[in-house]
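Worksheet: the structure to be examined is printed underneath.
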Amino acid sequence: MRVFHSDIEQDYHPGSSFFCGRFTSYPDVPGRTRSILSALEGREGLRFHKPPPLEPHLLESVHDPGYVAMLAEVCGSLKPGEECFPFHARPLPLLLRSPYPRVRMGYYALDGSTPLMRESYPAGISSAASALAGADALLEGEPWAYALARPPGHHAGAAGFAGYCLFNNAALAAQALLPRGKVAIVDVDYHHGNGSQEIFWERDDVFYASLHCRPEEAYPYVTGEAEERGAGVGRGHNLNLPLPGGTDWAAYRPQLEKALDAVQAFDPASIVLSLGFDTLASDPIGSFALRVEDYSAMAGLIAQLDRPTLLLQEGGYDVESLGDCIAAFLAGLPQPHPAGERAAHGSGASGNGASGNGASGNSGHRAPQNEGGRGEPVS
Ligand code: SP5
Ligand code: ZN
């Protein structure tokens, strides 16, 4: 499996988030990706790539040009390390007439949780580049790819930043995958992906399904109700499964199966999995009760869809455990056959026996192949 990651984001470390009237420490820290990388390094079957530079016009496949321009301008105006919060907090069209990018910033801020920094823009761009490179890997025939994206993306709307997210990586990847056919976004982050929902609200070519903590008790508080089903031709192509705090795997699993049944019925050509590990019991922000080994079972269920799937990193803030979470997830996928031994084996998974998904005949799963795709190998 190809893993896409750009270490530019290591330079991006906001100190504070404005939440409920006070500044709190910013949970999306560079250590998150270090934890994941150190668990992945040396794992068999993974090939690490730095994503190729993103073609900026691709951002506008999902985002408003004025929004992208504001981000570039505000970030470019800041000193290294400086944090900038919006001072306007209503999306008044009047704000867009201002020559000052920091005034226009207020129009695009969905909440105060995410300061902009000089380093935000390049980090956001390289995160989106990883997502798009992962989508390209699927277009080239890979059954799986993992985009280790930071900052995350699913709270970012067409014209709005929020919840540590600047560009909607899942939406960009889904859009890039459309030439091959319909796409389903399956969002298992603890939080509702308000941005992804909004972007595809009136669309019937991208299905959005999300399991998350219910809006009555969790960010973003205003979206994620089961009644939100999409509009126009998109009606019925949005599925929210809000769950109460304390949800453990026994309660989560049947809901995930429900989401995956709906995805199966939609019959997408590809899947984008918005993969957040803030559902882990020890997550400092989330209130669910999943355990590390549950991510193996989760991966097994997702593999049963038997569609090319982009694993796209969203949230997850228990830095110490993130590496274990992704390792458990990958262990739950059907294991590729060792090169040269394909004919000798049936369809059984080799190795760890952690999968338990029984997905035989997964013809899309291939032996490791020679490089040849986009992206610069880094190890
Ligand atoms: C991508 C992603 O996971 N974004 C999450 C944004 C959540 N922002 C609100 C955080 C609320 C923190 N509340 C602290 C509760 C401590 N128990
Ligand atoms: Zn989250």
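Where does helix 120-139 land angle-wise versus the long Cα axis of the chain, in degrees 0 to 90, nearest 10?
Roughly 30 degrees between the two axes.
Estimate the FRET efficiency between A269 and R43 by the formula 1/(1 + (r/R0)^6), using the beta-carbon distance for r and 30 Å for R0, to the nearest 0.05.
0.60
Could you check the spin-label model distance between E227 and Q10? Points 7 Å from the Cα along Cα→Cβ, value in nm.
Taking the simple label geometry, E227 and Q10 are separated by 4.9 nm.
Hey, got a sec? Which GluC sites (Glu not before Pro) in the stretch 154-244 land in a DSSP loop and have at most 14 other Cβ atoms within 10 Å?
Listed in order of number, the matching sites are E202, E216, E217, E225, E227.
Calculate how steeply helix 249-266 sits against the longest principal axis of the alpha-carbon atoms of the chain, using the helix alpha-carbon long axis, and give the answer as 0 to 90 degrees to the nearest 10.
90 degrees
Rg and Dmax of the chain over Cα atoms: what are they, in angstrom?
That works out to 19.7, 68 Å for Rg and Dmax.
Binned at 5 Å from 0, what are the whole-percent values of the Cα-Cα distance distribution for the stretch 1-95, short to long?
Result, from short to long distances: 2, 9, 13, 16, 19, 18, 11, 7, 3, 1, 0 percent.
Using a 10 Å Cβ count of at most 14 others and DSSP loop calls, identify the longest part of the chain lacking such chymotrypsin sites (Phe, Trp or Tyr not before Pro).
Longest run free of exposed loop sites: 222-379.
I want to verify a result. In a Gaussian network model of the chain, Cα cutoff 10 Å, which of these has the top mean-square fluctuation: S98, S126, S77?
Ranking S98, S126, S77 by mean-square fluctuation puts S98 first.
Over the chain, with a Gaussian network built from C-alpha contacts below 10 Å, which listed residue (P242, P99, P56) shows the highest mean-square fluctuation?
Looking only at P242, P99, P56, the biggest GNM fluctuation is shown by P99.
Starting from 0.36 nm per residue, how many nanometres of slack lie between E73 and C20 once their C-alpha separation is accounted for?
Additional length available on full extension: 16.3 nm.
So which trypsin sites (Lys or Arg not before Pro) in the stretch 1-94 are both in a DSSP loop and have at most 15 other Cβ atoms within 10 Å of their Cβ?
The qualifying sites are R43.
Helix-only estimate, please: 222 nm mean residue ellipticity of the chain, summing -39500 (n - 2.57) across DSSP H runs of length 4 or more and dividing by its residues, to the nearest 500.
When only DSSP H runs of four or more count, the value is -8500 deg cm²/dmol.
Relative to the Cα centre, what is the charge dipole magnitude of the chain, using +1 at the beta carbon of each Lys and Arg, -1 at the beta carbon of each Asp and Glu, and rounding to the nearest 20 debye?
440 debye
Hey, could you grab the Kirkwood Rh for the stretch 200-316? Inverse mean 1/r over distinct alpha carbon pairs, Å, one decimal.
Evaluated over the stretch 200-316, this radius sits at 14.8 Å.
Which one, G66, P30, A135, is farthest towards the positive end of the dipole of the chain when Lys and Arg carry +1 and Asp and Glu -1 on their Cβ?
Checked the options; the winner is G66.
Under 28 Å from the Cα of K50, which lysines turn up, not counting those fewer than eight places away in the same chain?
Reachable lysines: K79, K182.
Relative contact order, percent, of the chain when contacts are C-alpha pairs under 8 Å separated by at least 6 residues?
18 percent
Which whole-Hz ³J(HN,Hα) couplings does the stretch 221-234 yield from phi under the Karplus relation 6.51 cos²θ - 1.76 cosθ + 1.60, θ = phi - 60°, glycine and proline marked x?
Karplus-based 3J(HN,Hα) across the stretch 221-234 equals 6, 10, 9, x, 6, 4, 5, 7, 10, x, 9, x, 5, x Hz.
I'd like the FRET efficiency for E55 and S282, computed as 1/(1 + (r/R0)^6) with the beta carbon distance as r and R0 of 56 Å, rounded to 0.05.
The pair E55/S282 has a calculated efficiency of 0.90.
Roughly what % antiparallel, to the nearest 5, for the DSSP beta bridges in the chain?
25 percent
If I fit a long axis through the Cα atoms of helix 319-331 and take the longest principal axis of the Cα atoms of the chain, what angle between them do I get, 0 to 90°, rounded to 10?
The answer is roughly 40 degrees.
A short reminder: the numbers here are calculations on the coordinates, not readings from a lab. Model, not experiment: these values are computed from the prediction. Please note: Cβ atoms are built from the backbone with ideal geometry, for glycine as well, and neighbour counts cover all protein chains shown.
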